[in-house]
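See structure below.
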Amino acid sequence: MPSASRGIHLRYTFETAGAADQQGAQIENPLFDLLFALQAHGSISAAARAQNSSYRHAWGSLKHWEEVLGEPLVHWGQGRHARLTPFAQRLMWAERQARVRMTPHVEALRAELARVFALADDASLQVLDIFASHDLGLPQLQTLAEERDGLHIGLRFAGSQEALRALNDGRCRVAGFHVARAAAADSVMATALRPLLQPGQHKLIGSHWRRQGWIWRPGDTRPEDILALRTGRWRFVSRQPASGTRLLTDHLLAQAGLRPEQVPGYTTRTEDTHVAVAAAIASGAADVGIGIEAAAAEAGLAFSPLVDENYYLLCLKEDLETPPLRKLRERLASPAWAQALSRLPGYGVHRPGEVLSLTQALPWWRYKKPKR
């Protein structure tokens, strides 16, 4: 088959700072940029103009990629609009899915490359590595801290449990995790996170709150409650094991008296981020999921709230007063952080930058023995 000889080669480039600077985890690929332009404009000449290139260059590129891929990409016809072949449409869909799934990881790689090269230029730059449960607000915090405070945040998304383990193992200096406000002491979330939090060792820092709920395509129906998932009528897409949202969903199932294995596809149809869950639903690969309101809004999907949760940052006690942590807390307490979150649906600040007591902020956390 032609696909057997296809390979993926990744590369990155250095460019001067300025208006063309890359913002976030944009991923460029000349083939897909051309296919999207062709789909949007309906002709090779219009697609070429949109990309500031010539008809000859666009035509040659398409022929080149057809030869490389071993499949036709465009229906060629004299005097007719150029139309993408079914293969090209499937290729675009698959690339879009992969791009959405990998965006947080690509952003982490881009940030890490930026960090090491910045250190090569300026050893005085403050650097802070954060492992955190996936969130749409933290990349904006990363940008604010770098642009206004000279603080480079190396942000890597992981599940809440993995983030806390990374902090305890010394793989990062700050961990980000979230818990439902109404979580009880015997909830799945509390049971999973409690062993990873040590009051004498850790310091809890307030950041923000966000809203989680059902996500589905407008015009479709959603389950009346989580019990309805056991019918298999809806293809449910869940988050990866050990993520905070997976713990939340496990908690909701337990409250309803359901076991994960009673929900068809619950353990096999998973995604690593809120954005990937929304993309799977928007594309028709799944019917419904649980995620944050901002991800649903970004994908143009319907949303119905289930819980509000608080998002916290955690560091070791000895790091709390170091310059990077002080800068981070000051930025969290700034009006700019609150303003950035106000632009995200279902987000807001929650005691930002404050150093909080574990037992007060997390009512389900209790000492094994009464503190003397």
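Some points to look at:
- Unique residue being open to solvent by less than 10 Å² (accessible area, probe 1.4 Å) and in a loop (DSSP other than H, G, I, E, B) when the list is Pro223, Pro218: Pro223
- Positions within region 254-274 being closer than 26 Å to Gly176 by Cβ and surrounded by fewer than 23 Cβ atoms within 10 Å (Cβ to Cβ), in sequence order: Ala254, Gln255, Pro260, Tyr266, Thr267, Arg269, Thr270, Asp272
- All conditions in (1) at positive phi; (2) crowded, with 16+ Cβ neighbours inside 10 Å hold for Thr103, with the sole exception of (1).
- Checking region 292-302 against the condition returns no match, with no residue being of a type in the set (Val, Ile, Thr) and modelled with pLDDT under 95.
- Residue within region 248-255 that is touching a residue at least 40 places away in the same chain (Cβ under 8 Å), touching a strand residue (DSSP E or B) at 6+ places or on another chain (Cβ under 7 Å) and in a loop (DSSP other than H, G, I, E, B) present: no
- Among the residues of region 226-253, the one identified as exposed (fewer than 15 other Cβ atoms within 10 Å of the Cβ) and β-branched (Val, Ile, Thr) is Thr231.
- Among all residues of region 298-321, there is at least one that is farther than 30 Å from Glu95 by Cα, of a type in the set (Lys, Arg), outside any loop (DSSP other than H, G, I, E, B) and open to solvent by 20 Å² or more (accessible area, probe 1.4 Å).
- Residue count, region 38-48 (criterion: within 16 Å of Arg83 (Cβ to Cβ) and either open to solvent by less than 30 Å² (accessible area, probe 1.4 Å) or part of a loop (DSSP other than H, G, I, E, B) (or both)): 6
- Residue in region 336-353 that is hydrophobic (A, V, I, L, M, F, W, C), open to solvent by 20 Å² or more (accessible area, probe 1.4 Å), under 17 Å from Ile130 (Cβ atoms) and not in a helix (DSSP H, G or I) present: no
- Residues that are touching a residue at least 60 places away in the same chain (Cβ under 8 Å) and either closer than 15 Å to Arg148 by Cα or among the polar types (S, T, N, Q) (or both) within region 335-350 comprise Ala336, Trp337, Ala340, listed in sequence order.
- Inside region 49-95, residues that are open to solvent by less than 60 Å² (accessible area, probe 1.4 Å), under 14 Å from Leu31 (Cβ atoms) and not in a loop (DSSP other than H, G, I, E, B) make up a count of 14.
The values are calculated or read from the model by the stated rules, or taken from the named source; none is laboratory data. Not measured: the values here are computed from a predicted model. A quick note on method: Cβ atoms are made from the backbone with ideal geometry, for glycine too, and the neighbour counts reach across all protein chains shown. All accessible areas refer to the heavy atoms of the entire protein, side chains included, with ligands and DNA or RNA removed. Shrake-Rupley method; radii C 1.70, N 1.55, O 1.52, S 1.80 Å.
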